[in-house]
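K.L.:
Can you read through this structure? Questions will come right after.
The values are calculated or read from the model by the stated rules, or taken from the named source; none is laboratory data. Keep in mind that this is a model prediction, so the values were computed, not measured. Here the Cβ positions follow ideal geometry from the backbone for every residue, glycine too, while neighbour counts run over all protein chains shown. Side chains are part of the model used for accessible areas, which takes the heavy atoms of the whole protein and leaves out ligands, DNA and RNA. Shrake-Rupley method; radii C 1.70, N 1.55, O 1.52, S 1.80 Å.
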Amino acid sequence: MSQQRALPQSKETLLQSYNKRLKDDIKSIMDNFTEIIKTARIEEEHQVSRSTQGEQDNYEMHVRAANIVRAGESLMRLVSDLKQYLILNDFPSVNEAINQRNQQLRTLQDECDKKLISLRDEIAIDLYELEEEYYSSSVCEPSDLPLCEAYWNCDSLDSSPPDFSSPLVSAETASSNNQIHASPHLNGGGMVEHS
């Protein structure tokens with residue numbers, strides 16, 4: 001009762017109407033079922049004939065069975081309304097579900113943060129070792145340049161200088177190469193001639 005008094009007037013009225021519907025439907029089912037049982041009893045002779053009485057009892061049973069079905073459907077609708085009311089107005093349980101989901105997501109976020117921090121630390125250690133290895137190698141001399149600039153400087157230093165260990169080109173070959181690559185000259189008609 002203290003919970004109902006704490007509820008707003010509209011909610012209290014709604015709950016009272018649900019309670020009244022429940023009692024009315026259950027009473028209708030019980031009354032109609034009781035009347036069907038009474039009709040099934042064999043009674044003494046009446047003023048009407050037995051066949052007429054049987055038809056009347058049959059019709060009454062059909063009507064009362066329909067009333068029971070209607071009351072049952074009303075109870076099913078009441079259950080559906082109660083479920084909907086509970087889902088829409090049960091704020092404590094909704095808030096509790098939201099809080100549980102937030103807690104799960106925060107735990108997942110903390111785990112991801114820890115994994116990312118450990119991954120960052122591992123990468124930093126590996127990069128430090130790579131830089132130490134790079135600067136201590138004989139390919140490029142250590143300098144105070146960052147790794148990327150030192151890399152580009154080493155690439156420019158590593159570009160292949162002319163190969164002096166190859167045999168010298170003969171003078172005849174050199175002169176023939178010069179003739180092949182000589183610039184074209186114009187003939188008298190303005191046409192380009194290649195020698």
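K.L.:
If you add up the charges near residue 14, with Lys and Arg at +1 and Asp and Glu at -1, over every other residue whose beta carbon is less than 13 angstrom from its beta carbon, what do you get?
P.N.:
Its environment carries a net charge of +1.
K.L.:
Working with all protein chains in place, sort 131, 55, 111 by solvent-accessible area computed with a 1.4 Å probe, largest first. Show your work: numbers first, answer last.
P.N.:
Numbers: 131 70, 55 125, 111 90 Å².
From most accessible down to least: 55, 111, 131.
K.L.:
Share of segment 44-114's accessible area from carbon and sulfur, percent, 1.4 Å? Before the final figure, lay out the partial values.
P.N.:
Values: 3320 of 5940 Å².
C and S fraction of accessible area: 56 percent.
K.L.:
Additional query: Please work out the FRET efficiency for the pair residue 128 and residue 108, using the Cβ-Cβ distance as r and a Förster radius of 25 Å; give the result to the nearest 0.05. Let's see the in-between values first.
P.N.:
On the way: r = 31 Å, r/R0 = 1.23.
Here the calculated transfer efficiency is 0.25.
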